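To keep things clear, I will list the structure first and then write my remarks on it.
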């Protein structure tokens, strides 16, 4: 990695944490300068605007979450094991979040639902990816007789994602992992008792 | 209500919607002036700062949610009927939210978790109130033999609130009530199948 590329990566890393903690509207370019230790020119050499930086910083933050799913799903083929692994990612998340400041998708969804359409579109695209991950797991499990035929994969995705995101919000509000862990326990039991054949 | 009081109410009403939609950091006093049609002096006559206005606007927004619970719980005494009524508030919420911009408690929790301690304390106080509402309903139901003795009221509160808040977030992201309605359906079934004796 060249020096310019290293600087670019450092800006992204620091800006991702900053935006995820303070929000996009709550972070100024002065905050980015402070967090990176760079002058304005050093940042604008790599990103043409705060908006452009925010989009790439969002992708950077989401990638930190995504690798946790990839690791948890490796070598798991049974649909119920995969669903439990997806939910189980949040046990680790509760005590060692991949990104300071909570879930970048929820934070961006909440902040941009009445503004910033480009960032909002990115949050929706990642939400689509997560919903599809659950839905496809259910569908494959049904084809192989591992998941009950009456389970609606898209409805299960809504419930899993809503409950885990809400759990992250509550745990952050109280600085207490218990709420997210209760969400994980509830879903794990639901998968074993109502989803598994 | 005197003219001054009317003006104060109008500022609170408009500011509550503005802050709930755009966030505290994302709303300027110029936005408040625009929304209320008042000049700066007219606003500062009633609220000494944006911070002071935000605190009262938050209370105003929460009150709009609170009256929905009060109405839903009126004349319901059985614990299971009360739990189903609390959850059922969100069926109406999905298509006719009490406040534009989503849940003021979640929005404030997300925006202020790394800043603005006074607003954050208010969000926590309301969260305490909601958790206590579920927990006490469970405890009374257990005393009267309406709720299974093994149900943990505080854990049920975490799951209900997380799932409903997450459902509001997803439904707002997609402008589609289906996600929140799925959250309601899941909880209603859970209460009937796992909580009721």
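The values are calculated or read from the model by the stated rules, or taken from the named source; none is laboratory data. Quantities reported herein were computed from a predicted structural model and do not represent experimental measurements. Cβ: placed from backbone, ideal geometry, glycine included. Neighbour counts: every protein chain shown.
Could you say which residue among A:114, A:75 is modelled with pLDDT under 95, assigned to a loop (DSSP other than H, G, I, E, B) and on the phi < 0 side of the Ramachandran plot? Before you say what the answer is, go through the steps one by one.
On the way: A:75 fails: on the phi < 0 side of the Ramachandran plot.
Unique residue meeting the criteria: A:114.
Which of the residues that make up region A:23-45 are surrounded by 15 or more Cβ atoms within 10 Å (Cβ to Cβ) and touching a residue at least 24 places away in the same chain (Cβ under 8 Å)?
Scanning region A:23-45 gives A:23, A:24, A:25, A:36, A:38, A:43.
Mind listing just one residue for me: the one in region A:116-129 that is surrounded by fewer than 20 Cβ atoms within 10 Å (Cβ to Cβ) and within 19 Å of residue B:178 (Cβ to Cβ) and, of those, nearest to the other protein chains (Cβ to nearest Cβ)?
A:124
Test residue B:138 against the stated conditions and say whether it is away from chain A (no Cβ under 13 Å), crowded, with 17+ Cβ neighbours inside 10 Å and in contact with a strand residue (DSSP E or B) (Cβ under 7 Å, 6 or more places away or on another chain). Explain how you work it out, then say what you get.
On the way: away from chain A (no Cβ under 13 Å): yes; crowded, with 17+ Cβ neighbours inside 10 Å: yes; in contact with a strand residue (DSSP E or B) (Cβ under 7 Å, 6 or more places away or on another chain): yes.
Here the answer is yes, as residue B:138 does meet what is asked.
Listed here are the residues, each with its yes/no results for (1) outside any loop (DSSP other than H, G, I, E, B); (2) at pLDDT 95 or above; (3) within 16 Å of residue B:107 (Cβ to Cβ).
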{"site": "B:1", "(1), (2), (3)": "no, no, no"}
{"site": "B:4", "(1), (2), (3)": "yes, no, no"}
{"site": "B:12", "(1), (2), (3)": "yes, yes, no"}
{"site": "B:16", "(1), (2), (3)": "yes, yes, yes"}
{"site": "B:21", "(1), (2), (3)": "yes, no, yes"}
{"site": "B:25", "(1), (2), (3)": "no, no, yes"}
{"site": "B:33", "(1), (2), (3)": "yes, yes, no"}
{"site": "B:59", "(1), (2), (3)": "yes, yes, yes"}
{"site": "B:63", "(1), (2), (3)": "yes, yes, yes"}
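Quick grid of which residues meet (1) assigned to a helix (DSSP H, G or I); (2) over 29 Å from residue B:24 (Cα atoms); (3) in contact (Cβ under 8 Å) with a residue 12 or more places away in the chain:
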position: A:107; (1), (2), (3): yes, no, yes
position: A:119; (1), (2), (3): yes, no, yes
position: A:131; (1), (2), (3): yes, yes, yes
position: A:141; (1), (2), (3): yes, yes, yes
position: A:155; (1), (2), (3): yes, yes, no
position: A:162; (1), (2), (3): yes, no, no
position: A:165; (1), (2), (3): yes, no, yes
position: A:172; (1), (2), (3): yes, no, yes
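Out of (1) part of a helix (DSSP H, G or I); (2) touching a helix residue (DSSP H, G or I) at 6+ places or on another chain (Cβ under 6 Å); (3) surrounded by 19 or more Cβ atoms within 10 Å (Cβ to Cβ), the odd one out for residue A:93 is which?
(2)
Can you find, within region B:64-82, the residue that is surrounded by the most Cβ atoms within 10 Å (Cβ to Cβ) among those that are over 25 Å from residue B:100 (Cα atoms) and touching a helix residue (DSSP H, G or I) at 6+ places or on another chain (Cβ under 6 Å)?
Among those residues, the one meeting the criterion is B:79.
How many residues, within region B:129-172, are under 30 Å from residue A:122 (Cα atoms) and either at pLDDT 95 or above or over 18 Å from the mean Cα position of the chain (by Cα) (or both)?
Count: 14.
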